[in-house]
Structure formats: structure tokens, C-alpha cells
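The values are calculated or read from the model by the stated rules, or taken from the named source; none is laboratory data. Everything quoted here is computed from the prediction, not taken from an experiment. With ideal geometry, Cβ positions are generated from the backbone for all residues, glycine too; neighbour counts draw on all protein chains shown. All accessible areas refer to the heavy atoms of the entire protein, side chains included, with ligands and DNA or RNA removed. Shrake-Rupley method; radii C 1.70, N 1.55, O 1.52, S 1.80 Å.
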Amino acid sequence: MAATSTTVSTFLHPLHHHDTNLSSSKRGMYHRFSSLSLLSTTSSKSSRIQFSPKGSANPLFVAPVVEKKRKSSFQTEAVRQLTGSLTKAEGFRFAIVIARFNEIVTRPLMEGALDTFKKYSVREEDVDVVWVPGCFEVGLVAEKLGKSGKYNAILCIGAVIRGDTTHYDAVANSAASGVLSAGLNSGVPCIFGVLTCEDMDQALNRAGGKAGNKGSEAALTAIEMAALFEHHLKE
Ligand SMILES: Nc1c(NC[C@H](O)[C@H](O)[C@H](O)CO)[nH]c(=O)[nH]c1=O
Ligand SMILES: CC(=O)[C@@H](O)COP(=O)(O)O
């Protein structure tokens, strides 16, 4: 069947948009949905945003999408897309598992995360911070906290910085697989906010320096995943 030229709508969550001009670190904060409809977690309505003529998404530009009749004349049901909206996160409970190793880096990462939680109305009493010796220990504690059923998401923070030996690889890989397993085994979103850097400069640049604060970014992910699970994936 000849391809029909239909209008493809690229949906951009109001807080997530894809802009090639953004620096790589900022682009990491945004991602783009391409879908036929977006179901906001805060309401049942779907919103349709199309690229404005000048080519960049303009959340204020909402145009009716005309889906052309296919030759078979049947209409495709709009594809339902779910997202964890970054709206107010008041009432969500979070645990932060933080490695004390390289505390000069992990503490500002945690502070960035707490600032973000505060911006999104997360109450201080709804955040528990658990310190562990190093990134290798993060996964086990994250899984324990996830299985407690007390939290909407677990934010894991650490900094693995390469030294002279291959120990870096063991710790970094263990941290990543540990956090992944914690989420899979507990069923609670466990967010990987662990830096893996070649040197201290790289780490400090990502803990509030010129490359932003990866702890703050990870907190945004924690909020989005908490909302997704709370509003759409509850059993
Ligand atoms: N080198 C780093 C470590 N090493 C310590 C391990 O995480 C672990 O605590 C130890 O092997 C005992 O089990 N930890 C970091 O978080 N970052 C590093 O760069
Ligand atoms: C990531 C590490 O374990 C690293 O800091 C240890 O340094 P080294 O490889 O020089 O022992």
C-alpha cells in the first residue's frame, strides 16, 4: 500500500522538549515523545502539539491534527501514550541512598536533588537520606528500601572516579547493575544518579559545576517515574 502522507505529531511534554541547541547535559534532561496522543497524568484530556511552521515545537501552538483517511477508510485509533508528568510531587515519598566515598562530590549531588524535590513541593518529611560507605553498597540498600513499600522512588547517588587500577570498572559496573537489580527486584523505580568519571574535575563539573547537577536531574527522573507508577502503573 502506498504510504500515505499523514501528519505526524511530535508531542513534547511541556517540561521536556528536544532542542539540538541545548548542551549535551541539558539535552539529557529533555526527551521527546513521538506519538499520536499524549495522556497527561493530571487530566484525562489528551493534548496535541505540532511543530509550528518555523520548525520548533511551540507548546502554545496547538493545531488540530487532520488524520487523512487511509485507502482502507478505517481510522486508526489514537495511540495512547502515558507519561509521568512533572507536576507537583507533594505527597510522594522518596529515599536517597548516597555513597560517602567521594563525599566532596556526592554531597552537592544530594543537595541538588533536595533542591529539586523542594521545587516540586516534595515535603522534607517525605525524604529519607541513607548513607552507605561506597557505590558498591548502594544497590543492596536501594533494594531493601524499595521492598519496604514506603517510597514512590529511590534515588541512588554516588561518584566513581577512576584511579590507577581496574577497580573503577568493578565498582562502576557493580553500582549500575546493583541499582538496576534493585528496581527490578523491588518493583519500585530506582534511579541511577551515580557519576562514573575519569577524574575529579569531570565529577565536580557534574555536581553543580559547568555541566550542571546530575543529582538534580536524577531527582527529576525520580519524580517522573513516581508519577508514572502512581497514576498509570499501579496494580
Ligand atoms: N573507588 C570508589 C569506591 N570504592 C569503594 C566501594 O564502593 C566499596 O565501598 C568498597 O569496595 C567496599 O565494598 N566507591 C565509590 O563510591 N567511588 C569510588 O570511586
Ligand atoms: C574507583 C576506585 O575504586 C578508585 O578510586 C580506586 O583507585 P585505584 O584504582 O588507584 O586503587
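Each row is one residue, and each column tells you yes or no for (1) under 19 Å from Asp115 (Cα atoms); (2) among the polar types (S, T, N, Q).
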position: Val179; (1), (2): no, no
position: Ala182; (1), (2): no, no
position: Ser186; (1), (2): no, yes
position: Thr196; (1), (2): no, yes
position: Asp199; (1), (2): no, no
position: Ala227; (1), (2): yes, no
position: Glu230; (1), (2): no, no
position: Leu233; (1), (2): no, no
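Go through the range 142-171 residue by residue and tally those that are open to solvent by 70 Å² or more (accessible area, probe 1.4 Å) and touching a Cys at 6+ places or on another chain (Cβ under 9 Å).
Residues of the range 142-171 that are open to solvent by 70 Å² or more (accessible area, probe 1.4 Å), as a first pass: 144, 147, 150, 162, 164-167.
Filter again for touching a Cys at 6+ places or on another chain (Cβ under 9 Å), leaving 162.
Adding up the residues that qualify gives 1.
A quick yes/no check of all residues on (1) under 20 Å from the mean Cα position of the chain (by Cα); (2) over 22 Å from Leu204 (Cβ atoms); (3) small (Gly, Ala, Ser); (4) within 16 Å of ligand 2 (Cβ to nearest atom):
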| residue | (1), (2), (3), (4) |
| --- | --- |
| Ile98 | yes, no, no, no |
| Pro108 | yes, no, no, no |
| Thr116 | yes, no, no, no |
| Val127 | yes, yes, no, no |
| Val132 | no, no, no, yes |
| Leu140 | no, yes, no, no |
| Gly149 | no, yes, yes, no |
| Leu155 | yes, no, no, no |
| Ser181 | yes, yes, yes, no |
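Which residues, counting only those in the range 173-206, are closer than 19 Å to Ala142 by Cα and without any contact (Cβ under 8 Å) to a residue 12 or more places away in the chain? Can you show your working first?
Step one: of the range 173-206, the residues closer than 19 Å to Ala142 by Cα are 173-196.
Asn173, Leu184 - these are the residues of the range 173-206 that are closer than 19 Å to Ala142 by Cα and without any contact (Cβ under 8 Å) to a residue 12 or more places away in the chain.
Scoring Met110 on the criteria (1) away from ligand 1 (no atom under 16 Å from the Cβ); (2) at pLDDT 95 or above; (3) surrounded by 14 or more Cβ atoms within 10 Å (Cβ to Cβ) leaves a single failure, condition (1). Screening Glu235 on (1) without any contact (Cβ under 8 Å) to a residue 60 or more places away in the chain; (2) more than 20 Å from Thr83 (Cβ to Cβ); (3) more than 17 Å from the chain's Cα centre (by Cα); (4) open to solvent by 30 Å² or more (accessible area, probe 1.4 Å) shows it passes everything except condition (2). Pairing each residue of the range 149-172 that is more than 16 Å from Val97 (Cα to Cα) and assigned to a loop (DSSP other than H, G, I, E, B) with any residue that is open to solvent by 10 Å² or more (accessible area, probe 1.4 Å) and more than 8 Å from ligand 1 (Cβ to nearest atom), provided the two are 6+ apart or on different chains, yields C-beta distances under 8 Å for Arg162/Glu198; Arg162/Asp199. Yes or no: the range 143-164 includes at least one residue that is of a type in the set (Lys, Arg), at negative phi and within 11 Å of ligand 1 (Cβ to nearest atom). The answer is yes, given that some residue of the range 143-164 is of a type in the set (Lys, Arg), at negative phi and within 11 Å of ligand 1 (Cβ to nearest atom).
Given the structure, is Lys214 more than 16 Å from ligand 1 (Cβ to nearest atom) and either open to solvent by less than 50 Å² (accessible area, probe 1.4 Å) or touching a residue at least 12 places away in the same chain (Cβ under 8 Å) (or both)? Spell out the reasoning first.
Numbers: more than 16 Å from ligand 1 (Cβ to nearest atom): no; either open to solvent by less than 50 Å² (accessible area, probe 1.4 Å) or touching a residue at least 12 places away in the same chain (Cβ under 8 Å) (or both): yes.
So Lys214 fails the test.
Summed over the range 124-141, residues that are open to solvent by 50 Å² or more (accessible area, probe 1.4 Å), outside any loop (DSSP other than H, G, I, E, B) and within 12 Å of ligand 1 (Cβ to nearest atom) total 4. A single entry from Gly209, Gly187, Gly193, Gly215 fulfils the requirement of being at positive phi, away from ligand 2 (no atom under 16 Å from the Cβ) and of a type outside the set (Lys, Arg): Gly187.
Inspect all residues belonging to the range 192-209 and state whether any of them is of a type in the set (Val, Ile, Thr), open to solvent by 30 Å² or more (accessible area, probe 1.4 Å) and either out of contact with any Gly (no Cβ under 8 Å at 6 or more places or on another chain) or at pLDDT 95 or above (or both). Checked against the condition, which is being of a type in the set (Val, Ile, Thr), open to solvent by 30 Å² or more (accessible area, probe 1.4 Å) and either out of contact with any Gly (no Cβ under 8 Å at 6 or more places or on another chain) or at pLDDT 95 or above (or both), the range 192-209 yields at least one hit.
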